[in-house]
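As structure tokens, the structure follows; a few thoughts come after it.
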Amino acid sequence: MSKRIVVNPLTRISGFMEVDVKVENGQVVDAQTKGNMFRGFEQMLMGRSPFDAVYFTQRICGICSAAHSMASSLALEDALNIEPMEQGRYLRDIIHCCEFLQNHIRHFYQYTLPDFVKIEQNPLFQADHTDFRVPAAATAQLSRHYFESLTISRRCHEMLAILGGKAPHNHGVFVGGVTTKATAEVVAGLSSILTEVTAFIEEKMVPDVYEIARYYPEYYRLGGGYGNLMTYGAFDRYRELGTLYVDPLVWTRDGKEPFDERKITENIDRAWYRGAKNTYEPDEEMPEPDRKKASAYSFVKAPRYDGLPMEVGPLARLILSGDYTNGVSAMDRTIARAIEALKIAGIMKTLLGELIPDTDVQAEYTLPETTAQGRGLTDTTRGGLGHWLKLKDRKLSFYQIITPSTWDFSPADDRGFRGVGEEALMGTPVQNPDEPVEIGRILRSFDPCMSCATHVSVSGKPVKTIRVF
Amino acid sequence: MRGNQGILPPEPMTNDAVAERLVRAARRSKDMGRFQKQNLVYLELNGCSGNIISLLNGRNPDFAYMVNDMVNLRYSNSLMAAEGAQATEKLFEAMNEPFILAVEGAVSLRDEGMYNVIGMHNGSPLTGLEAARMLGEKADTILAVGACATHGGVSAARPNPSESVGLQSVLPDRELIKLPGCPVNPRWFLGTLAHIVLYGKPDTDSLGRPLMFYSTLIHDRCPRRPFFDRGIFAEKLGDPTCLFKLGCRGPVTRTDCPTKEWNSGVNWPIGANTPCIGCAQFGFPDAMEPFISYDTTRVVEDE
Amino acid sequence: MSNTELLRMRMNQLVTQARYDLSSLRAVSGDTPERRLYLQRLWDTVTDMHVTSELLAVNAASPPVQTAGMPGQVVNSGNSMQNAAPGVNSRTFTVEELARYDGKNGRAAYVAVNGIVYDVTNNRTWAAATHFGLPAGKDHTAAFASCHAGQEAILAQLPVVGRLVQ
Ligand code: SF4
């Protein structure tokens with residue numbers, strides 16, 4: 001007996017997502033994840049001033065905006081042949097650290113916790129399932145931490161704003177590093193807030209994650225997926241400090257190897273695009289969309305590495321850096337996020353210690369008369385993020401963005417590989433098809449950001465209809 | 001008396017002063033039994049969900065105070081525990097009682113709204129367009145939160161592939177309170193909400209913006225104004241002088257950023273030595289571009 | 001004109017403005033939005049006066065400051081410089097000549113409206129030589145008519161540099 005379950009909207013994520021699964025004998029036998037919003041950033045960026053990309057692309061995502069400012073600054077630096085000063089890198093990476101901390105804390109407490117814990121009486125937390133196993137005393141404590149975490153994640157954004165001007169959508173990250181200087185006041189201010197944040201992660205967040213894991217042990221076996229892991233590198237290859245976190249690496253069945261960006265392709269076999277071929281390089285013009293393509297079911301393209309779907313994110317990074325060895329599952333992913341928060345806090349502390357006060361890292365930049373192209377690849381909160389751009393007549397003539405959530409929530413490709421999130425759902429036992437709580441718990445462990453995944457480019461004629469299924 | 005509250009100097013000009021005064025007043029009148037918790041439906045449409053993240057950054061009042069003491073938050077895609085059909089049901093249930101509607105994100109018109117599906121109802125997709133119209137007709141008060149909701153914002157940037165528009169375009173007959181900004185500053189939202197809950201709608205200008213937050217040009221309160229007046233202009237980001245030549249939109253944008261700043265008052269874009277990009281001005285982003293230009297700051301001798 | 005004279009002129013304008021607002025305030029009764037707008041403006045005016053007086057003090061202490069790299073420019077306090085009436089300046093521009101004054105690489109930023117060429121180089125609403133998406137170096141008669149109908153006073157405040165000829 002097979003039954004179809006559609007969850008729409010999958011709440012407590014950034015953006016809109018629909019999940020469509022087929023259940024047979026109480027187990028998931030097929031799954032499709034679909035993004036439900038569309039804006040078309042790559043097309044909007046055409047013809048704009050190249051420098052504006054840094055602020056413009058941040059508007060792709062409200063929770064990870066600094067990530068896009070990082071990637072677009074890196075891409076511009078590549079195109080304009082600008083080598084940022086090491087101090088500029090430190091400062092920019094400190095801003096990035098603040099975003100990691102803000103994002104991970106909010107994702108765990110505001111997005112993940114309500115899946116497992118019935119937070120105190122408030123219409124906002126009315127849930128429709130009954131699978132809450134944490135005992136009353138612990139529940140009360142976790143509920144308190146839910147509200148306490150709001151102060152802490154706000155403090156993370158305050159740190160970000162001290163260097164970045166404001167958050168979300170900061171102004172500080174730019175070509176060459178940042179636009180502010182590390183004064184004694186800034187360094188002391190950041191350090192004092194960081195102490196507060198670190199204590200919270202250490203004393204509350206990490207124990208809270210393990211507390212939940214105690215009552216939901218089966219999630220160590222659910223939501224595994226392929227186990228192919230990838231990172232573009234994070235806080236890595238500083239001239240003097242070396243790598244503080246993880247180098248660009250991939251892990252497949254064949255073992256661990258260095259990451260090679262030339263192996264990234266995008267597949268459109270099951271995506272609504274009509275092209276002469278199925279596979280494209282990131283810096284190639286993408287074909288026209290075609291919503292009527294019968295074999296397709298998503299606007300999200302399917303990025304592949306060496307032809308393989310890859311999981312990206314905190315768990316992938318921690319395993320590749322050797323900091324975590326327990327395995328790949330929904331619970332491991334959630335635990336990894338908390339452990340990574342602590343690790344990032346440590347990295348930020350190290351970087352703060354390296355700052356030379358009052359260094360001005362900005363210069364006046366000129367655009368090349370001819371054409372140029374560049375790319376910026378970096379790991380951000382949810383995994384590897386890449387921006388590819390081309391300049392012509394001092395304007396942007398091409399822009400391509402592959403976000404972490406496109407890696408994790410891609411559709412299937414022409415070799416039959418499902419997307420990472422879809423694969424993770426396969427075989428999941430669904431206790432009660434009317435309250436399919438397992439599906440949301442597994443997908444949220446990836447921290448999906450559909451605002452990012454569905455920024456896709458569309459050009460040409462309007463598409464007639466988009467049916468959801 | 002209350003009309004003057006928190007709007008004009010020489011009231012304290014410290015950070016968060018306006019919002020704080022409003023909340024103090026809220027507490028007082030709650031004690032007097034006048035404080036009525038109202039229902040709030042927070043709808044996220046075609047955008048980046050950055051405004052709800054910005055609200056979480058609120059302080060005095062903070063988000064916890066808002067959901068526990070000011071309003072019953074009945075629907076929020078980013079935060080509610082329910083998911084799927086049950087979540088959508090909660091949205092429909094909320095319409096049976098009086099409610100305040102807050103909308104962030106633009107309304108996508110393309111293909112009858114199918115470019116922004118926010119849920120399922122009775123087995124068919126519920127588009128942002130339908131939801132905006134349906135809830136917009138019924139709501140007591142409507143807040144358009146952030147640039148995308150007030151006028152289309154970045155979601156409607158040229159060539160506007162999703163055919164997005166601001167909320168007013170699909171609710172032409174309703175009076176909206178507009179809170180432009182990309183994202184909205186949490187004080188602007190929470191302060192306006194406090195005003196609605198306590199005293200009803202705040203005074204607005206002819207464009208629907210609450211006067212208490214959007215009445216003064218950034219340029220008129222900017223600490224770098226003396227540099228502008230003396231013609232001393234920054235030539236690159238990071239300079240401590242006036243950012244006019246780099247493209248500062250402070251002279252055409254009305255907000256309280258220079259005095260109240262962002263993120264609990266720790267900093268603001270001009271404080272980060274970068275130009276204001278006019279994110280709270282109607283027309284952002286297209287009319288506020290270029291954000292940063294260097295070719296207007298330098299003098300090329302051999303031209 | 002020297003900077004000191006300009007500043008004095010500015011100061012006098014501000015005083016006039018403040019007097020006007022004070023008399024308007026006397027006329028409105030009750031707590032109306034208008035009243036608060038007047039108060040708001042009054043506050044702004046006083047702030048401006050403060051800045052201007054500071055500048056005057058600076059000017060008094062040191063020789064006049066030259067505005068770097070802006071040939072022919074004077075200190076622009078932003079919103080109410082009185083200028084020579086149209087016609088005094090007889091310089092003419094073709095559309096092509098006008099296009100050169102795009103505000104880039106040290107060039108001035110000029111725009112034409114109704115056949116008159118104005119200098120917007122240091123006009124506060126023309127940051128980076130652009131104004132609500134419109135670039136300098138062009139004839140913006142149509143845009144002006146659609147956005148600022150009935151607001152010809154705006155033009156009266158801009159320095160005139162010449163006439164646009166076909
Ligand atoms: S930095 Fe911007 S707002 Fe401040 S004085 Fe200069 S132009 Fe005006």
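Take the conditions touching a His at 6+ places or on another chain (Cβ under 9 Å), away from chain B (no Cβ under 11 Å), closer than 20 Å to A:HIS171 by Cβ and at pLDDT 95 or above and apply them to A:ALA66. Does it pass?
Judged against the criteria, A:ALA66 is a match.
So, B:VAL252, is that one near the ligand (Cβ under 10 Å from one of its atoms), away from chain A (no Cβ under 13 Å) and in contact with a Phe, Trp or Tyr (Cβ under 8 Å, 6 or more places away or on another chain) or not?
yes
Examine the range C:26-39 for a residue that is under 21 Å from the mean Cα position of the chain (by Cα) and of a type outside the set (S, T, N, Q), and state whether such a residue exists.
No, because not a single residue in the range C:26-39 is under 21 Å from the mean Cα position of the chain (by Cα) and of a type outside the set (S, T, N, Q).
One line per residue, one yes/no per condition, for (1) assigned to a loop (DSSP other than H, G, I, E, B); (2) under 20 Å from the mean Cα position of the chain (by Cα); (3) under 20 Å from A:ARG154 (Cβ atoms):
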position	(1), (2), (3)
A:VAL197	no, no, yes
A:PHE200	no, no, yes
A:GLU218	no, no, no
A:TRP251	no, yes, no
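Can you tell me which of A:PHE38, A:PHE56, A:PHE16 is open to solvent by less than 10 Å² (accessible area, probe 1.4 Å), within 21 Å of the chain's Cα centre (by Cα), facing chain B (nearest Cβ under 8 Å) and closer than 27 Å to A:LEU367 by Cα?
The match here is A:PHE56.
The conditions are (1) assigned by TED's automatic domain parsing to the domain that holds B:ILE142; (2) within 26 Å of B:ILE53 (Cβ to Cβ); (3) surrounded by fewer than 21 Cβ atoms within 10 Å (Cβ to Cβ), and B:THR192 fails exactly one of them. Which is it?
Looking at each condition in turn, B:THR192 falls short on (3).
Within the range A:175-190, does at least one residue satisfy the condition of being over 19 Å from A:PHE108 (Cβ atoms) and within 21 Å of the chain's Cα centre (by Cα)?
Looking through the range A:175-190, none of the residues is over 19 Å from A:PHE108 (Cβ atoms) and within 21 Å of the chain's Cα centre (by Cα).
Before we move on, is B:ALA144 under 30 Å from A:LEU101 (Cα atoms), assigned to a strand (DSSP E or B) and out of contact with any Gly (no Cβ under 6 Å at 6 or more places or on another chain)?
Answer is yes for this residue.
Evaluate the following for B:SER264: is it more than 9 Å from the ligand (Cβ to nearest atom), in a loop (DSSP other than H, G, I, E, B) and either under 30 Å from A:MET46 (Cα atoms) or at the interface with another protein chain (Cβ under 7 Å from one of its Cβ atoms) (or both)?
yes
Is it true that some residue in the range A:143-155 is assigned to a helix (DSSP H, G or I), within 9 Å of chain B (Cβ to nearest Cβ) and of a type in the set (Val, Ile, Thr)?
Looking through the range A:143-155, at least one residue is assigned to a helix (DSSP H, G or I), within 9 Å of chain B (Cβ to nearest Cβ) and of a type in the set (Val, Ile, Thr).
So B:PHE189 passes all but one of these: (1) away from chain A (no Cβ under 14 Å); (2) away from the ligand (no atom under 16 Å from the Cβ); (3) of a type outside the set (A, V, I, L, M). Which condition number does it fail?
Going through the list (1) away from chain A (no Cβ under 14 Å); (2) away from the ligand (no atom under 16 Å from the Cβ); (3) of a type outside the set (A, V, I, L, M), B:PHE189 breaks only (1).
C:PRO135 is checked against (1) more than 24 Å from B:GLN281 (Cα to Cα); (2) at pLDDT 85 or above; (3) open to solvent by 40 Å² or more (accessible area, probe 1.4 Å) and fails just one. What number does that condition carry?
(1)
Can you tell me which residue among A:ALA302, A:ALA336, A:ALA294 is among the aliphatic types (A, V, I, L, M) and surrounded by fewer than 22 Cβ atoms within 10 Å (Cβ to Cβ)?
A:ALA294
Across the range A:33-50, what is the total count of residues that are modelled with pLDDT under 90 and not hydrophobic (A, V, I, L, M, F, W, C)?
Of the residues in that region, 8 qualify.
For residues that are more than 19 Å from C:GLY106 (Cα to Cα) and away from the ligand (no atom under 13 Å from the Cβ), tally how many sit in the range B:202-237.
Of the residues in that region, 14 qualify.
Is there any pair linking a residue in the range B:57-70 that is hydroxyl-bearing (Ser, Thr, Tyr) to one that is in a helix (DSSP H, G or I), with Cβ under 8 Å and at least six apart or on different chains, and which?
Within 8 Å, the pairs are B:TYR65/B:VAL23.
Being part of a helix (DSSP H, G or I), facing chain B (nearest Cβ under 9 Å), crowded, with 24+ Cβ neighbours inside 10 Å and of a type in the set (A, V, I, L, M, F, W, C), is that true of even one residue in the range A:92-106?
no
Of all residues being open to solvent by less than 10 Å² (accessible area, probe 1.4 Å) and among the small types (Gly, Ala, Ser) in the range A:339-365, which is nearest to the other protein chains (Cβ to nearest Cβ)? Just the residue, please.
Applying the filter and picking the extreme gives A:ALA341.
Determine, yes or no, whether B:CYS276 is within 11 Å of the ligand (Cβ to nearest atom), touching a strand residue (DSSP E or B) at 6+ places or on another chain (Cβ under 9 Å) and modelled with pLDDT of 95 or more.
Taking the combined requirement at face value, the residue does not satisfy it.
Determine, yes or no, whether B:ALA287 is more than 11 Å from the ligand (Cβ to nearest atom), open to solvent by 10 Å² or more (accessible area, probe 1.4 Å) and farther than 25 Å from A:VAL186 by Cα.
Against the criterion (more than 11 Å from the ligand (Cβ to nearest atom), open to solvent by 10 Å² or more (accessible area, probe 1.4 Å) and farther than 25 Å from A:VAL186 by Cα), B:ALA287 qualifies.
The values are calculated or read from the model by the stated rules, or taken from the named source; none is laboratory data. Note that the structure is predicted; figures quoted are calculated from it, not measured. Don't worry about glycine lacking a Cβ; one is built from the backbone with ideal geometry, like all the others, and counts go over all protein chains shown. In case anyone asks, the SASA skips ligands and DNA or RNA and just uses the protein heavy atoms, side chains included. Shrake-Rupley method; radii C 1.70, N 1.55, O 1.52, S 1.80 Å.
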